[in-house]
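Engineer: Please read through the structure below; I'll follow up with questions.
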Amino acid sequence: MAPAPTPSVDVSPFLSTGQRVEVRCRYDGRWVDGFAVAEPVAEGYRVRRALDGNVLPSSFRPEDVRAAPSA
């Protein structure tokens with residue numbers, strides 16, 4: 001049986017520390033802005049919330065983080 005096709009997602013091959021990003025909401029799948037890359041980790045990225053500067057406790061897979069649109 002062939003594997004199911006994966007949805008097309010605009011994922012950058014590498015995001016820099018401090019780069020503004022959007023993350024995919026784990027509840028409803030929509031993209032949410034207001035984050036920056038805190039650090040790349042083995043499983044993807046840790047992100048920092050722009051509002052208060054806190055680093056979120058769990059990491060995000062690369063397919064769940066994308067560069068924020070340019071302003």
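Engineer: Of the residues Arg26, Arg61, Arg20, which is modelled with pLDDT under 95 and either among the basic types (Lys, Arg) or surrounded by 13 or more Cβ atoms within 10 Å (Cβ to Cβ) (or both)?
Structural biologist: Details: Arg61 fails: modelled with pLDDT under 95; Arg20 fails: modelled with pLDDT under 95.
When all the criteria are applied, what remains is Arg26.
Engineer: Within region 13-50, can you find the residues that are touching a residue at least 40 places away in the same chain (Cβ under 8 Å) and assigned to a strand (DSSP E or B)?
Structural biologist: Of everything in region 13-50, those that are touching a residue at least 40 places away in the same chain (Cβ under 8 Å) and assigned to a strand (DSSP E or B) turn out to be Arg20, Val21, Glu22, Val23, Arg24.
Engineer: Looking at Val41, is it modelled with pLDDT under 95 and more than 11 Å from the chain's Cα centre (by Cα)?
Structural biologist: yes
Engineer: Would you confirm, using the coordinates I've provided, whether Gly53 is farther than 16 Å from Leu15 by Cα, of a type outside the set (Phe, Trp, Tyr) and either in a strand (DSSP E or B) or free of Cβ contacts under 8 Å to residues at least 60 places away in the same chain (or both)?
Structural biologist: Values: farther than 16 Å from Leu15 by Cα: yes; of a type outside the set (Phe, Trp, Tyr): yes; either in a strand (DSSP E or B) or free of Cβ contacts under 8 Å to residues at least 60 places away in the same chain (or both): yes.
Against the criterion (farther than 16 Å from Leu15 by Cα, of a type outside the set (Phe, Trp, Tyr) and either in a strand (DSSP E or B) or free of Cβ contacts under 8 Å to residues at least 60 places away in the same chain (or both)), Gly53 qualifies.
The values are calculated or read from the model by the stated rules, or taken from the named source; none is laboratory data. All values derive from a computational prediction rather than experimental measurement. Counting neighbours? That spans all protein chains shown, and the Cβs are built from the backbone with ideal geometry, glycine included.
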